[in-house]
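The values are calculated or read from the model by the stated rules, or taken from the named source; none is laboratory data. All values reported here derive from a predicted model rather than from experimental measurement. Reconstructed Cβ throughout: ideal geometry from the backbone, glycine too, with neighbour counts over all protein chains shown. We work out accessible area using only protein heavy atoms, side chains counted, and drop any ligands, DNA or RNA first. Shrake-Rupley method; radii C 1.70, N 1.55, O 1.52, S 1.80 Å.
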Amino acid sequence: MKNINLEDNKKVTFAFASVGLYYTAKYAMSALSGFLKYCVLPRRNLQSRYGGGYALVTGSSDGIGKEYALNLARAGFDIILMARDQVKLDAVAKEIKERYNVKTMVIVYDFSKLASLASVEELRCILNKRLPSDVSILVNNVGCAKTGLLHKHSIFDAMRQINVNINA
């Protein structure tokens, strides 16, 4: 059996260290690029890209939907908020008007009822009556989740989740 001398051991160690350094630098550059793109460089001008007008955000009474609406209002879009809770929607609309001085519109609709052709037709009629003609952006953010053990969910809970998360 051949003994590994100290010089061979140094070459192998250097080779592995070089490969490790390469991948570390590669991932560090990727992270730095993402940081620059999303945190340092100016944002794109959405108004010029999408032509202004209204942005419709579903599920906008709180959470991610509310943040989408706030960011689009900050970019200068007029906002249409759509969710099932009138009180929460009115509070978000008031906040947007006060902070960004853009037009806001509220449409109350419960997407869990979107289970039949008649309900789809009802939603279509509501949107045809209420939506302005210059809707430039749709953020379809509405969603729901029931946590816990699956066998403890009722069929109503399962169907509600399907109606909101898939049909909407």
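Regarding residue 154, is this residue more than 17 Å from residue 106 (Cβ to Cβ), in contact with a strand residue (DSSP E or B) (Cβ under 8 Å, 6 or more places away or on another chain) and modelled with pLDDT of 80 or more? Taking the combined requirement at face value, the residue does not satisfy it. Total residues in the stretch 113-146 satisfying the condition of being of a type in the set (Asp, Glu) and either in contact (Cβ under 8 Å) with a residue 12 or more places away in the chain or surrounded by 14 or more Cβ atoms within 10 Å (Cβ to Cβ) (or both): the figure is 2. Reported count of residues in the stretch 66-78, each being under 14 Å from residue 140 (Cβ atoms) and touching a helix residue (DSSP H, G or I) at 6+ places or on another chain (Cβ under 9 Å), is 2. Can you say whether residue 84 is open to solvent by 60 Å² or more (accessible area, probe 1.4 Å), at pLDDT 90 or above and within 18 Å of residue 161 (Cα to Cα), as far as the supplied structure shows? When the stated conditions are applied, residue 84 passes them.
A Cβ distance below 6 Å, combined with a sequence gap of six or more or placement on separate chains, defines the contacts here; from the stretch 147-168, residues that are on the phi < 0 side of the Ramachandran plot and of a type in the set (Lys, Arg) reach residues that are open to solvent by less than 70 Å² (accessible area, probe 1.4 Å) and in a helix (DSSP H, G or I) in the pairs 160/112.
Filtering the stretch 4-33 to residues that are in a loop (DSSP other than H, G, I, E, B) and open to solvent by less than 100 Å² (accessible area, probe 1.4 Å) leaves only 5. Selection of the stretch 35-67 for residues being over 22 Å from residue 123 (Cα atoms) and either of a type in the set (Gly, Ala, Ser) or under 13 Å from the mean Cα position of the chain (by Cα) (or both) yields 48, 51, 52, 63, 64, 67. Residues in the stretch 142-164 that are of a type in the set (A, V, I, L, M, F, W, C) and either touching a helix residue (DSSP H, G or I) at 6+ places or on another chain (Cβ under 8 Å) or assigned to a loop (DSSP other than H, G, I, E, B) (or both): 142, 144, 145, 149, 164. A single entry from 63, 52 fulfils the requirement of being free of Cβ contacts under 8 Å to residues at least 24 places away in the same chain, at positive phi, open to solvent by less than 80 Å² (accessible area, probe 1.4 Å) and out of contact with any strand residue (DSSP E or B) (no Cβ under 6 Å at 6 or more places or on another chain): 63. For beta carbons closer than 6 Å, sequence separation of 6+ or different chains, a first residue in the stretch 30-48 that is within 25 Å of residue 137 (Cβ to Cβ) and a second that is modelled with pLDDT of 80 or more and hydrophobic (A, V, I, L, M, F, W, C), the qualifying pairs are 46/75. Against the list (1) over 18 Å from the mean Cα position of the chain (by Cα); (2) within 18 Å of residue 161 (Cα to Cα); (3) buried (at least 16 other Cβ atoms within 10 Å of the Cβ), the condition residue 107 fails is (2).
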